[in-house]
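Okay, structure first, notes after.
Read the figures in this text as sums done on the coordinates, not as results from a lab. Quick caveat: nothing in here was measured; it's all calculated off a predicted structure. Note that each Cβ is placed from the backbone with ideal geometry, even for glycine, and that neighbours are counted across all protein chains shown.
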Amino acid sequence: MKTDEVPQDPTTTYGGVRKLLYAVDDKGEYTGVRSQGWDVENYVTQAAVEELTRLAEEALKRARAGQTSALEYHMFAQRMDLATLSATTGIWAWRVKRHFKPSVFAKLNDKMLARYAFAMGVTVDQLRHLPQQDA
Amino acid sequence: MFDATAPFQHRQSAHCESGVVSNLLTHRGLPMSEAMAFGISASLTFAYMPMIKMAGMPVIAYRMFPGSIIRGVEKRLGMKWVRKQFSDPMEGAKALDAHVEAGRPVGLQTCIFWLPYFPEEMRFHFNSHNIVVYGREGQDYLISDPVFEDVTRCEGTALNRARFAKGDMQAKGLLYYPEHLPSEIDYESVIKKAIRWNYKTMNGPVPIAGIRGIRFLGRNIVKVSKQPDAEKYLPLYLGHIVRMQEEIGTGGAGFRFLYASFLQESGKLLNNPAMIDASKAFTDAGDEWRRFALNATKMCRGRAKMDVHALEAQLNHVADREQAMWAQLRAL
């Protein structure tokens, strides 16, 4: 990559931060160049964020319909999946899955809820509830 | 000469771990570029790991596991790091404070998701992000995060949360700083050993690693396109490959350019034209990786016709280029 080929596509995913890339100048010397972003990278990052948002919204719908617990919604909302949540809490995946059942989740004690809440960075109270529905 | 009172110099880097290592060594009186730290740790690789998942997708690594730059530099330079992990987060916080008090910048391993200064869209659960803490003002720790342009700050509770996030590759509060540095370094032998070592990792017999791994990935894309749920899964899969390549860490192409820069620097230092030639060949390989990312993304977005065989051919082309480059370096 030449220094003038370093992409400078305005992107949202960098949040105004410029990344350093290594490129070759006209004399053939390697040098660091700051990049505002690359369209390709921006697209795949956003696609990954959108996929998690989609999963969270879908879980929210099911939670409102009583088909899953608030836990599953909060998991996706905090950009986790089953494997990540299980690993960060130290709770086996099959148990986490069981806690997706609204009837089981409702009976969880505060200690268990606190483990989830801590790993996700939310309060126990937030974890118990779904976000307010927009009127 | 090492001057303990000199302020820590923040230098932006392409990759966090090589950046932290080179900045800490430079601070301790051993000037080193990011590319040199990456090169002599022999951390360049390619590995397709279907058994390790990230967000439900196979991990594709373009460099060795986190921590390998720290260890690789230690091994080849004959220097020593002090490395500490903690079972109790409070202990970890205390130890950090003691170093800050003593005016010693230290490297930390952290989870990106918990670092509040990261832009929202970059905050994923990734446990192996390296940063330097070089001071403290009130509740805020002064942070040199090598992938950022300037130094930044992070409040104590958040920082500790990031250090003690659990899960895969958990840091357990890992804190490190260089202790013993050799008085003299024989760069000729260090660099050649590192290149030879890297030659072996890229040309090994394992089908999913090194150059064979790159070809394996190409074949696998074709295989995935034949799955019954390919219509939905294939774009996600390709997007994931590109993300692993371009975003997580500094990206696959980024590591190729970093290595090319290392070869150029070494070639000049040792007056070795073969290394400079190899550097050019590796730049070409990096460019080809980027073109692959561009094409794959176009296909995901529906801006080009999905053509898995074209992508496979392109990856084989990358593999050919890298193979030719390593063949050049073999005679070193």
May I ask you to work out the translational diffusion coefficient for segment B:247-310 at 10 °C, viscosity 1.306 mPa s, via Stokes-Einstein with Rh from the Kirkwood sum over Cα pairs, reported in whole µm²/s? 121
Expressed in nanometres to one decimal, the distance between label points 7 Å along Cα→Cβ at A:Asp39 and B:Gln85 is 4.4
May I ask you to list the lysines whose Cα is less than 19 Å away from that of B:Lys200, ignoring any residue fewer than eight positions away on the same chain? B:Lys75, B:Lys192
Expressed in nm to one decimal, what extension gain is obtained for the pair A:Gln126 and A:Arg54 from 0.36 nm per residue of sequence separation less their Cα-Cα distance? 23.9 nm
Could you work out how much longer the chain between B:Leu181 and B:Ala6 gets when fully extended? Use 0.36 nm per residue separation minus the Cα distance between them, nm to one decimal. 61.3 nm
Segment B:66-115: Cα Rg divided by the 2.2 N^0.38 Å rule of thumb: 1.33
Just for the Cα atoms in chain A, what are the lengths along the principal axes, largest first, rounded to whole Å? 69, 36, 22
Give me the percent relative contact order of chain B, please, defined on Cα pairs under 8 angstrom at least 6 residues apart. 19
Length-normalised contact order for segment B:31-132 - Cα pairs under 8 Å, 6+ apart - percent: 18
In nm, to one decimal, how far is the A:Gln8 label point from the A:Asp81 one, both placed 7 Å along Cα→Cβ? 3.7
Considering only DSSP beta bridges whose two residues both sit in chain A, what percent are antiparallel, to the nearest 5? 75
Rg from C-alpha atoms of segment B:156-265, normalised by the globular rule of thumb 2.2 N^0.38 Å, equals 1.51
With runs of 4+ DSSP H residues as the only contributors, calculate the mean residue ellipticity of chain B at 222 nm using -39,500 (n - 2.57) per run, divided by the residue total and rounded to the nearest 500. -16500 deg cm²/dmol
Taking all pairs of distinct alpha-carbon atoms in segment B:56-189, Kirkwood radius in angstrom: 15.9
Translational D (Stokes-Einstein, µm²/s) of chain B at 37 °C and 0.692 mPa s when Rh comes from the Kirkwood sum over C-alpha pairs? 157
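What FRET efficiency, computed as 1/(1 + (r/R0)^6) with R0 = 51 Å and r the Cβ-Cβ distance, is obtained for B:Glu231 and B:Ile276, rounded to the nearest 0.05?
0.60
Could you work out the mean projected area of the convex hull around the alpha carbons of segment A:1-65, in square nanometres to one decimal? Don't skip to the end; give the middle numbers.
On the way: hull surface 19.7 nm².
Its average projected convex-hull area is 4.9 nm².
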Once Rh is set to the Kirkwood radius over Cα pairs, what Stokes-Einstein translational diffusion coefficient, in µm²/s, holds for segment B:199-332 at a temperature of 25 °C and a viscosity of 0.890 mPa s? 157
Whole-number value, in Å³ per residue, for the convex hull of the alpha carbons of segment B:1-119 is 151
With no solvent and one equal point scatterer per Cα, compute the Debye intensity ratio I(q)/I(0) for the protein assembly as shown at 0.09, 0.10, 0.14 Å⁻¹ and report its log10, rounded to two decimals. -0.63, -0.78, -1.44
In chain B, which helices (entire DSSP H runs) extend 20 Å or more along their own long axis, judged by Cα positions, while averaging at least -0.5 on the Kyte-Doolittle scale? B:210-224, B:230-246, B:252-270, B:273-300, B:308-330
